[in-house]
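**Student:** Structure below; questions to follow.
The values are calculated or read from the model by the stated rules, or taken from the named source; none is laboratory data. Quantities reported herein were computed from a predicted structural model and do not represent experimental measurements. Don't worry about glycine lacking a Cβ; one is built from the backbone with ideal geometry, like all the others, and counts go over all protein chains shown. Quick note on the areas: whole protein, heavy atoms, side chains included, nothing else; ligands and nucleic acids left out. Shrake-Rupley method; radii C 1.70, N 1.55, O 1.52, S 1.80 Å.
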Amino acid sequence: MGNNGLSRRHFFYGGLLAGAVPGAGFGSVPSLKALGWKSPNEKLNIAAIGAGGRGAVDIAGCASENIVALADPDARSAEKTFKQYEKAPKYADFRKMLDREARNIDAVIIATPDHMHAMPAMWSMERGKHVFVEKPLTRTVWEARKLTEAAAKYKVATQMGNQGYSNDGARIAAEILWSGEIGNVTEVHAWTTRPIWPQGMTGIPKEEPVPPTLDWDLWLGMASMRPYTSGGVDSGKTKPGSFGGGFYQPFNWRGFFDFGCGPLGDMACHLLGAVNMALMLGAPTSVEVIKQEGKSSFAFPKKSVTVFEFPARRNMSPVKIYWYDAASGPMYRPEGIPESEPLIGGAGAFGRAPAMPGVRPGGGPPRAPGAVPGGAGTPGAPAGPGGQGRAPGRFGPGGFAGREGVVYVGDKGTITTDTYGASVRLLPESRHKDYKPPSELLTRSPGHYRDWIRACKGGEPACSNFSVAGPFTEWIVMGVIALHFEGKLEWDSARMRFTNNKEANKYVKPSFRKGWSFT
């Protein structure tokens, strides 16, 4: 539905939508085919940096195109993908791949550990390649800002791998909110079961020989050199969630400050994507970790609660975003909603999540590699290690339904969504059952990978392109910085610095090991 057909209900916020939705729909711009982008019927030549783990899923999602080159320093992790694409040249070092194969590459998928997202993306964009980068887009604020600027400079198609941004549910939630159905939103509460990997460690196991299938120097990339250790076990035989997954890799790197972004980086880009869209959040004014348990000097804590404060935007009120990890159930229940009423999903919810590679039916969280039905993170299963017990008052869990979810708190009502911004529900049930969502205002996505592929060929920008994903990632990774400090960190986005803590500014930009260049 174009702007000319907007329902009167969408004027609840007065000038809120003025200039926010282009006449041709959400995310639309004039075609860029004149810049030499491909015909929609012509296949892209796609390379991948990171071919095992999540990279294999992303490659499968783009298998309608030509997969022409692969890079991964861990041959064991990438083995299946390497065999699947036998004719594609294989590299351990992505830099060599980009230098030698550039003429045969149109676009690049980047699915490395978080600390090595930004550099390969920059190298690719500098060479005129479109890029799909796994979430979180970067590990630091500075890197996110640089990628946003580079995408605009080089005029390439971009997408961050937070599939929830492509769900119909995220758009339905925004349309309901903009209609004024729940009034001004002043709080949002989001919780995740993550981590499903070890955190809060205080010691590092002894050094071990590097496996012959792993180039440890290349895997570390820009991060400082350190001895290799698997944690004392064969990392290929046991599931993640313990050191059996390998102390650092191939999976447990998410729990280390130098390599990952913890639960925030893993799941906030999903859970808070619809929130970012609906509330047009922009940059926060502050971030504060108000609770953490199991602190470590080099790893994320076992559990934490973080609060982001955002100023008034357009005609929207200031809002606080509460983030809870290591949850075993809902961490916020609106007053008056009985414990017997599920907060998240259920019959009649709007915008169910479509089936996606690596995602369980119904929009639930992806099952970790090696996990089994009924294991930690599966609805109906006992909480895993570090699970959240009942807290006093309204912050207690309410059963297994909604082990991950989001609650928008308005002064006239409440909306909830699931892990991927889908399963939109008004509370209480009596209000939801006869409710009819507003007419469509935002155009719908054809699917997360298809959205990016279409953009690469000259279509509309992908819904989570870097002009959206860059600023979004900036405030998500600010939550990582806040874990290092007590008290509120006040943020000046224009100057890209904290105004009340000089020490915190040391974490805004990463350091680069000798021999590694960002551009």
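**Student:** Starting from the Cα of K502, draw a straight line to each of the lysines and keep only those under 21 Å, dropping any in the same chain fewer than 8 residues away.
**Tutor:** K502 reaches K488.
**Student:** Full-extension gain between K87 and S64, please, as 0.36 nm times their residue separation minus the C-alpha to C-alpha distance.
**Tutor:** Values: separation 23, 0.36 × 23 = 8.28 nm, distance 1.64 nm.
Contour length minus the Cα-Cα distance gives 6.6 nm.
**Student:** From the square roots a ≥ b ≥ c of the eigenvalues of the alpha-carbon gyration tensor of the stretch 33-174, which class results: rounded (a/c under 1.5), prolate (a/b over b/c), or oblate?
**Tutor:** On the way: a/c = 1.30, a/b = 1.24, b/c = 1.05.
Rounded, because the longest to shortest axis ratio a/c is under 1.5.
**Student:** Of the heavy-atom accessible surface of the stretch 187-327 (probe 1.4 angstrom), what whole percent is carbon and sulfur? Kindly include the intermediate steps, with their values, before the conclusion.
**Tutor:** Details: 2560 of 4730 Å².
C and S atoms contribute 54 percent here.
**Student:** What is the ratio of the Cα radius of gyration of the stretch 452-509 to 2.2 N^0.38 Å, where N is its residue count, to two decimals?
**Tutor:** Working: Rg = 15.6 Å, N = 58, 2.2 N^0.38 = 10.3 Å.
With N residues counted in the stretch 452-509, Rg over 2.2 N^0.38 Å equals 1.51.
**Student:** Moving on to the next point. Please compute the per residue accessible area over the stretch 290-337 with all protein chains in place, 1.4 Å probe, rounded to a whole number of Å².
**Tutor:** Working: 1810 Å² over 48 residues.
Using a 1.4 Å probe on heavy atoms only, each residue of the stretch 290-337 averages 38 Å².
**Student:** Starting from 0.36 nm per residue, how many nanometres of slack lie between E429 and N500 once their C-alpha separation is accounted for? Each step should come with its number before you reach the end.
**Tutor:** Values: separation 71, 0.36 × 71 = 25.56 nm, distance 4.44 nm.
Value of the extension gain: 21.1 nm.
**Student:** By a straight-distance test (C-alpha under 20 Å), which lysines pair with K80 as possible cross-link partners, with residues fewer than eight away in the same chain excluded?
**Tutor:** The qualifying lysines are K90, K237, K239.
**Student:** Roughly speaking, what is the stretch gain from M225 to E339, that is 0.36 nm per residue apart minus the C-alpha to C-alpha distance, in nm to one decimal? Please list the in-between numbers first.
**Tutor:** Numbers: separation 114, 0.36 × 114 = 41.04 nm, distance 5.03 nm.
The M225-E339 span can extend by a further 36.0 nm.
**Student:** Which value, in Å², gives the accessible area per residue of the stretch 95-167 when a 1.4 Å probe is used on the protein heavy atoms?
**Tutor:** On the way: 2040 Å² over 73 residues.
Averaged over the residues of the stretch 95-167, the accessible area is 28 Å².
**Student:** Within the set K43/K135; K43/K87; K206/K509, which residue pairs have Cα atoms separated by over 19 Å?
**Tutor:** Numbers: K43/K135 25 Å; K43/K87 17 Å; K206/K509 30 Å.
Distance filter (> 19 Å) returns K43/K135; K206/K509.
**Student:** Just to verify a number: FRET efficiency for D99 and E309, C-beta to C-beta distance, R0 = 51 Å, to 0.05? Numbers along the way, then the final one.
**Tutor:** Details: r = 45 Å, r/R0 = 0.88.
Result of the calculation: an efficiency of 0.70.
**Student:** Find, among the GluC sites (Glu not before Pro) in the stretch 275-342, those assigned to loop by DSSP (not H, G, I, E, B) with at most 15 other beta-carbon atoms within 10 angstrom. Don't skip to the end; give the middle numbers.
**Tutor:** Values: sites: E288, E293, E309, E335, E339; in loops: E335, E339.
Hits after loop and neighbour filter: E335, E339.
**Student:** Taking the Cα centre of the stretch 117-257 as origin, work out the dipole magnitude from +1 charges on Lys and Arg Cβ and -1 charges on Asp and Glu Cβ, in debye rounded to 20. Present the calculation step by step, with values, prior to reporting the outcome.
**Tutor:** Details: 15 positive and 13 negative charges, 46 e Å.
For this selection, approximately 220 debye.
**Student:** Let me ask another. Could you work out the mean projected area of the convex hull around the alpha carbons of the stretch 124-245, in square nanometres to one decimal? All intermediate terms of the calculation are to be shown ahead of the outcome.
**Tutor:** Working: hull surface 49.3 nm².
Its average projected convex-hull area is 12.3 nm².
**Student:** Compute the FRET efficiency between K295 and N41 as 1/(1 + (r/R0)^6), taking r as their Cβ-Cβ distance and R0 = 41 Å, and round to the nearest 0.05. Present the calculation step by step, with values, prior to reporting the outcome.
**Tutor:** On the way: r = 55 Å, r/R0 = 1.33.
E(calc), rounded to 0.05, equals 0.15.
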